[in-house]
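Since every read-out is calculated from the coordinates, none of them should be taken as a lab result. Remember, predicted model here, so these are calculated numbers, not experimental data. Note that each Cβ is placed from the backbone with ideal geometry, even for glycine, and that neighbours are counted across all protein chains shown.
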Amino acid sequence: MKRVTGPGRRAGESVFKTAWRTVTGVEPVESFPYSAPREGVLGPEMVRSGCNICFNSCSTRVYRRGDRVVTITGNPDDPVTGGHLCPKSQFLMQMYYSEHRVLYPQRRVGKRGEGRFERVSWDEALDGIAEKLLRVRERYGSEALAVFTGSRSGLLGLDGTAQLFCQLWGTANHSGTNPFCGTAPDLAFLMTHGVEAGGSGNIFAEDDVWAGDLYIFLGDNMAETRPVNFGQLNERRLRRGARMVVLDPRRTATAQKADEWLPIRPGTDLAFALACLHHVFTHDLVEREFVASWVEGADRVKEFVLGRGYTPEWAEPITDIPAATIRRLAEEYARTPRAFILGNRGLSQHTNATQTFRALIMLAAVTGHYGKKGAGVLAITSAVPIQARAPADRVAPRRPAARRSPAGWIEAMVSGKPYPIRALIMTGNPLSLWPGQAALREGIEKQEVVAHIELFPSESSAWADYLLPAATGIEVGEINRYAEDRRIVWIEKVIEPPGECRPDIWIWIELGKRLGMKDVLKDEYKDPVKLWDETMREDPRFRGLSHARLKASPTGWLRWPIVSEDGPSAGTLFLEGSAYPGDPEGRRFPTPSGKLELWTPALEEQFRVYGLSALPEFYTEPEQLVPLPTLEFVTADPDEGPPSPFWDNRCYANVARIVADPPPVDRARYDMELITGRAGAMHFHSWTHWLWQAQEQCADLYAHLHPRRAAALGIETGDRVRVESPRGSIEAVAWVAPGIREHAVFVPLGWDERQPYHPWRTVNWLMPREQRDPISDQTNLKINL
């Protein structure tokens, strides 16, 4: 990393250059300097709805005057949010009325990457895409189509119409953002207690999550990623005197509120968990009665952890946390009656993600912090465990996906191995948010058709053949992004979309008509209520979540599982004496044994497919400042690989082995730990970068580094700097401040080269596409040199 010169930037200029602007033709409340009088701001008509951006799952009140939204507020009847909203929800009007929206279908007229288009009709666009798709299928097979539905798409598009389209077409190469976000915790919970989402079953309530006496956050900056939920939790824990400890390479907004911050080496949380387990086992801190009755495989885990010598002293040089501190925390956690572990992307975006979450779940299980109120393990997921299913006789044969993660599709796009991908339909912004940006562009150049469904003309749009204008949120009607405590919010339609923008579900249905799918992708499913009620509630756990019930709920949401049409919204799960709702055998934990399964012979057999053991042996990323055990891949993306047992054999997997000596790394040249993540509460991925008010709060791409490191490099806040990895380089604006490991640099994600206010090259030019967890296919985005 070094200081450079660049246009429009002077040394010492603020890293957070503002973007004050007044938008003409909108209500005063939408414009700086926010001078509108309070009287009349709310508008005469209120509609209960929800925010469609992040995982906080906030219910909202949308105020409308005529056909125009004038204000969005929180819902004071929501007991979880308390009527609060974060900045993103309040910026939504700028999204709905942005001058930058894509309003009409367009077709490329220049070279890919130039961003030159001509306006066409919807018929011309969809007919052209359908014609090219048929040619691709004839030449390469149906698996040559890949479909990526980003977070903006909404779950009715991702798990509804897009899912049906792919089943009917015959491709398994369909994914949302979860392999970049949360497949690892999903799998870890599924293996342990039989349910793939919702953490350990706890809920945000006074007698549950808010009743903890100790909260340990690992890689979870909840204060900025789910700020409303964090505010509610933190307010109550301060009132009650509960302790909060944060393990994170950065002193995040969450860490600033904590009683203790431990700057752990990124990618070594697994070592911390194993060392805590060792202390618990050797100091007789196991909750024996709970383990004897409700935990399978604890003795095998104990034998493994003690046999490997995973002591706090072993973990100290790996984690950079003193052994005495690890022992103290393990002791405190085990002896505290009500304690929570909270993990997020700082754990899941690693090659050891699944085993890290499993080790933390093991720690909770053997200490009895599971299956009760006031204790558990929380982790967010990017997906609700629902999926529309086509009739069996209409599902086309499908070859396994090239890989579970879209990062694993890039090889198939570039080299045609294990088979060629030659058509891509995408939403969101892959050319900002996927790793391996250079190879991704090479792969897109080889596609015979690329369609982009989106709100704004992003970097991904510039590489598409067709740009299709999307509608979203309250322009459509939708369910929310999903909450870690299983709340489902119905986002009611309030306004009509602008121009010729159409909902994703409309686009998939219209494209399907041209490909012989109208018997399944029916016109009537353009109504999101019909789509939800008739195709997406077949799972018994969602029977009671009809649109009518969701709309009528004063809180704005219901919690699954609700196994009958009029059943109550679910509370805390897995409590002693209870049965998991809808489980035909009445089991507390819906696993084969009916217990929490830490290790079983069946799990061991499944893990062996990946070359690993179900026992969480320590390894980390290959690029660390100190050499540590890592993975060596036996089969990689160009290989077909074995079908993945944890994904029902629907995708090929990579096989790896753990090696003590990592591959050589030029640590003299690459001498800093590169960490990525969210920019702050105002941003979510790339789409908020089109909202001028978010840009006021965080404008330029920045590189946060420690003052001592900055001084050694001759860098000051405001300098333009170059950040380089073995995969390439980008530039950013330096932000010199404490609150980060001395040899680390943090560069947030979300920027791209075509954003209207402050375009920058994405940090994902620096991130590897090949470094992925073999089990979950989760991508390492958190530690590289």
**Request:** Write down the radius of gyration of the range 587-709 and its Dmax, each obtained from C-alpha positions, in Å.
**Result:** 21.0, 56
**Request:** For the chain, compute Rh as the Kirkwood radius over C-alpha pairs and then the Stokes-Einstein diffusion coefficient at 10 °C and 1.306 mPa s; write the answer in µm²/s, rounded to an integer.
**Result:** 60
**Message:** Only counting other Cβ atoms within 10 Å, I'd like H350, H100 sorted with the fewest neighbours first.
**Reply:** H100, H350
**Fill in**
For the range 389-403, in residue order, the Karplus 3J(HN,Hα) values (coefficients 6.51, -1.76, 1.60; θ = phi - 60°; whole Hz; Gly and Pro = x) are 10, 6, x, 4, 6, 10, 7, 6, x, 10, 6, x, 4, 3, 7
**Message:** At a 10 Å Cβ-Cβ cut-off, how would you order W599, W760, fewest neighbours first?
**Reply:** W760, W599
**Fill in**
Packing-ranked peptide list from 617-627, 253-263, highest mean Cβ count within 10 angstrom first, is 617-627, 253-263
**Request:** Hey, can you grab everything whose amide H is under 5 Å from the amide H of L558? Only 5+ residues off in sequence or another chain; H modelled, so Pro and N-termini drop out.
**Result:** I488
**Fill in**
Any lysines whose Cα falls less than 29 Å from that of K132, other than same-chain ones fewer than 8 residues away, would be K111, K417, K446, K513, K518, K522, K526
**Message:** For K493, give me every one of the aspartates and glutamates with a C-alpha distance below 18 angstrom, ignoring sequence neighbours fewer than eight places off in its own chain.
**Reply:** E45, D67, E475, E478, D504, E524, D527, D533
**Request:** Return the whole-Å distance between the Cα centroid of the range 635-661 and the Cα centroid of the range 520-590.
**Result:** 34
**Prompt:** Hey, what does the equivalent ellipsoid look like for the range 43-96, semi-axes from the Cα gyration tensor as sqrt of 5 times each eigenvalue, largest first, whole Å?
**Reply:** 18, 13, 8
**Asked** Residues with amide H under 5 Å of L378's amide H, sequence separation 5 or more or different chain, H placed in the peptide plane at 1.01 Å from N; which?
**Response** I341, L342, G343
**Fill in**
Counting sequence-distant residues (5 or more places) and residues on other chains, those with an amide H built under 5 Å from that of G368 are E287
**Message:** Sorting check: for 140-151, 567-578, which peptide has the highest mean count of neighbouring beta carbons within 10 Å, and how do the rest follow?
**Reply:** 140-151, 567-578
**Request:** Would you kindly derive the ³J(HN,Hα) couplings of the range 625-640 from the backbone phi angles with the Karplus curve 6.51 cos²θ - 1.76 cosθ + 1.60 (θ = phi - 60°), listing them in order in whole Hz, with x for Gly and Pro?
**Result:** 6, 10, x, 9, x, 8, 8, 10, 7, 8, 10, 10, 4, x, 8, 5
**Request:** Could you tally the net charge around R754, taking each other residue with its Cβ under 13 Å from the Cβ of R754, Lys/Arg +1 and Asp/Glu -1?
**Result:** -3
**Request:** Output the relative contact order of the chain, whole-number percent, from Cα pairs under 8 angstrom with separation of 6+ residues.
**Result:** 21
**Complete:** Among beta bridges assigned by DSSP with both residues in the range 199-378, the antiparallel ones amount in percent, to the nearest 5, to 5
**Asked** Shape call for the range 199-378 from the C-alpha gyration tensor, a ≥ b ≥ c root eigenvalues: rounded (a/c under 1.5), prolate (a/b greater than b/c) or oblate?
**Response** oblate
**Message:** Just want the ordering: Y63, Y104, from fewest to most Cβ atoms lying within 10 Å of their own Cβ.
**Reply:** Y104, Y63
**Complete:** For the range 32-178, percent of DSSP beta bridges that are antiparallel (nearest 5) comes out at 90
**Message:** Just to check I understand the Karplus step: with θ = phi - 60° and J = 6.51 cos²θ - 1.76 cosθ + 1.60, what whole-Hz values come out for the range 701-710, glycine and proline as x?
**Reply:** 4, 10, 10, 8, 9, 6, x, 5, 5, 4
